[in-house]
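Values quoted throughout were computed directly from the atomic coordinates according to the rules given, and no laboratory measurement underlies them. Note that this is a predicted model, so its numbers are computed, not measured. Counting neighbours? That spans all protein chains shown, and the Cβs are built from the backbone with ideal geometry, glycine included.
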Amino acid sequence: MIILNKSGVCIVENFIPFYHMEKIKTSIQQSIFHLAEAENSMYCVMDDTVYRIIEECQKRIQSIIENQYKCEVHEEECATINKYVPGWHLEEHDDTGKTNSGRESTDFSSIIYFNSDFSGGELNFINKKIRIKPTEGMLVISPATQEYLHEVTPILNGERYTATTFWQEKV
C-alpha cells in the first residue's frame, strides 16, 4: 500500500484488495438502491459480508489518518454504498458538517471508490490544484476545512460507486 500525500490530500491506490473488490462488486450488482436527498444520487445498505470488509477498511483508514495527520480520531461507521448516475455532480464545498455517527463536526473525510468504469466524476480540490480521476479500490483522505474546498465534476457516462466517511479528531 503506497500512500501519496499531495499537499495534505492522501491518495492510496488499490486500498481494497482485488478479492474483496470482487465481493463488493457482486454485492453492488445484487443490491437495491434507494433515492437519496442529493439529486441523481442513491444508496444501499451493505450486506453482512461487505459490511465486515468495510468495517475492517474503516480501522485501516483511521490508522492512516492518525499516522498521516499526527492526531487521534474517533471510530466511525460507514453503513451505505452510494451510487451516482450521469448528470450528478457536487458543487464546490467543504466537509465540515456532522460525522456519520452524528458528532457535531468533521475534521477529515475519506472516500473509497468501488469502480472506475465511468467518465467524469473526478474529485477536484480547488485551492490545492489537485484533480483526481478515481480508480477502482482507491482511497482518498483529506482534511474537511475550507482550505480543502472540493467539487465532483459531472458524471458523463456510467455509474460511480463510493463509500464516504466523515471523521472527528479527539480533543
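Can you report the number of residues in the stretch 1-31 which are of a type in the set (V, I, T), farther than 25 Å from L156 by Cβ and more than 15 Å from the chain's Cα centre (by Cα)? Count: 3.
Inspect all residues belonging to the stretch 145-166 and state whether any of them is crowded, with 19+ Cβ neighbours inside 10 Å, in contact (Cβ under 8 Å) with a residue 60 or more places away in the chain and in a loop (DSSP other than H, G, I, E, B). No - not one qualifying residue is present in the stretch 145-166. The sole residue among I64, I141 that is under 21 Å from F15 (Cβ atoms), over 12 Å from the mean Cα position of the chain (by Cα) and of a type in the set (A, V, I, L, M) is I64. Selection over the stretch 119-129 of residues that are over 26 Å from F18 (Cβ atoms) and either free of Cβ contacts under 8 Å to residues at least 40 places away in the same chain or out of contact with any Leu (no Cβ under 8 Å at 6 or more places or on another chain) (or both) gives a count of 5.
When restricted to residues that are assigned to a loop (DSSP other than H, G, I, E, B), of a type in the set (A, V, I, L, M) and either crowded, with 18+ Cβ neighbours inside 10 Å or touching a helix residue (DSSP H, G or I) at 6+ places or on another chain (Cβ under 7 Å) (or both), the stretch 37-92 contains 1. Would you check if G137 is of a type outside the set (A, V, I, L, M), on the phi > 0 side of the Ramachandran plot, surrounded by 15 or more Cβ atoms within 10 Å (Cβ to Cβ) and without any contact (Cβ under 8 Å) to a residue 40 or more places away in the chain? Here the answer is no, as G137 does not meet what is asked.
With the structure loaded, tell me whether L4 is of a type outside the set (G, A, S), exposed (fewer than 13 other Cβ atoms within 10 Å of the Cβ), free of Cβ contacts under 8 Å to residues at least 40 places away in the same chain and under 22 Å from I126 (Cα atoms) or whether it fails that test. Here the answer is yes, as L4 does meet what is asked.
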